[in-house]
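The values are calculated or read from the model by the stated rules, or taken from the named source; none is laboratory data. Note that the structure is predicted; figures quoted are calculated from it, not measured. Backbone-built Cβ (ideal geometry, glycine too); neighbour counts: all protein chains shown.
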Amino acid sequence: MTVFITNIHGLNYVNTAQQAQNTVAKIACHDLNFKEIPMYHYDWPDEPVEVRNGRFDGMLAGLSNNDTVILQAPSWNSIDWDMELLDRISLWSGIKKIIFIEDIIPLMFESNLYLMPKVIEYLNKADVLIAPSTNLIERLKQDGLEDKPVVYHKFWDHLGQISPFITPPNSHLLSFTGNPEKYSFLKEWKNQDVKVQVYTYNKGIKNPNLKIMGWKSDEVLFENLRKNGGFGLVWIGDSDEEKYYGQYMTMNAPSKLSTYLAAGIPIIAKANLAQHEFITQYQLGFCVENLEEAVEKVKSISDEEYTKLLMNVSRISKLMRNGFFTKKALINAVFTANLQG
């Protein structure tokens, strides 16, 4: 039996969705000896069936009966394209199909909610699902997801190395990876005691309480986050544009959460984040109800308390930088799929 995993190419190289898929595939193929099924992101809604099937057959040329295929979903092609690929895979006898749910587009963007029936139909074709949270699975069941085995991965891994010679200081500041134009709370940040360092290309924000750090490669980003210390912020504002995605954050696994933890700094996050119980249980930072509470936590934490958080984070950080959340989920999913009757 061979285990295959899909992997998207052709998106912007800083696209977080592609980075996530490429990381999962790298861990799967390098550490677990899975085989990659590379796929390209392209826009051809009127692609002839014979051309599409020829493309699929090329992608699946190494597949044999009784193999296992893990589909990273979505592929960021259309849901119809994803469905047709899955149906093509199902032509092989005894194939085990695992869908790794990395995002649910209808829950990310309200304008795509009409796609939910097709997404549910697609997910129902899997033998096993990998999902970030029980919240997401319960939400999908409301729309018709059938009962089936689910393996939870909870966090993205973020591969890389950190310098053992840098100890994050208790600097009483926040770091945020994201464009301020998309987050209303950043544009309106008025607190002078707790400033925010924002890692983004955007240079147009004129706010003295924000320091625009620019985009950084992983190695440089890790070093910056560690040198600056403080806390990594996982947050979404309450504007009308943000409320829908804010609900999604109660179900998904934010990539920035893993970036901060992999770099070795503690977290400030909303109390309804899908990972809040894990963060609280392992004392990786603070889950709070509002930004006023967040600011107070950052301002008032003692050096001794901060050092304890760093020690807790370092345990998780080593696992993330070496891909263990992904490996655990993939191995458990393959076992589950192949031990079913």
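For ALA61, the test of being of a type outside the set (S, T, N, Q) and part of a loop (DSSP other than H, G, I, E, B) is passed. When segment 278-312 is filtered for residues that are in a helix (DSSP H, G or I), aromatic (Phe, Trp, Tyr) and either outside the structural domain of ARG226 (by TED's automatic domain parsing) or more than 18 Å from THR167 (Cβ to Cβ) (or both), only PHE278 remains. Scoring ARG315 on the criteria (1) assigned to a helix (DSSP H, G or I); (2) crowded, with 21+ Cβ neighbours inside 10 Å; (3) not hydroxyl-bearing (Ser, Thr, Tyr) leaves a single failure, condition (2).
For segment 248-277, a residue qualifies if it is in a helix (DSSP H, G or I) and either free of Cβ contacts under 8 Å to residues at least 12 places away in the same chain or surrounded by fewer than 15 Cβ atoms within 10 Å (Cβ to Cβ) (or both), and the qualifying residues are HIS276, GLU277.
Annotation: ILE130 fulfils all but one of (1) touching a residue at least 60 places away in the same chain (Cβ under 8 Å); (2) within 19 Å of the chain's Cα centre (by Cα); (3) not in a strand (DSSP E or B); the unmet one is (3). Of the residues that make up segment 39-53, is at least one in a loop (DSSP other than H, G, I, E, B), in contact with a strand residue (DSSP E or B) (Cβ under 7 Å, 6 or more places away or on another chain) and either in the same structural domain as ILE120 (by TED's automatic domain parsing) or exposed (fewer than 15 other Cβ atoms within 10 Å of the Cβ) (or both)? Within segment 39-53 (the criterion being in a loop (DSSP other than H, G, I, E, B), in contact with a strand residue (DSSP E or B) (Cβ under 7 Å, 6 or more places away or on another chain) and either in the same structural domain as ILE120 (by TED's automatic domain parsing) or exposed (fewer than 15 other Cβ atoms within 10 Å of the Cβ) (or both)), the answer is yes, since at least one residue qualifies. Looking across segment 144-201, the residues that are farther than 30 Å from LEU330 by Cα and among the β-branched types (Val, Ile, Thr) come down to ILE166, THR167, VAL194, VAL196, VAL198, THR200.
Taking the numbered list (1) of a type in the set (Lys, Arg); (2) buried (at least 16 other Cβ atoms within 10 Å of the Cβ); (3) in contact (Cβ under 8 Å) with a residue 12 or more places away in the chain in turn, LYS35 passes all entries but (2).
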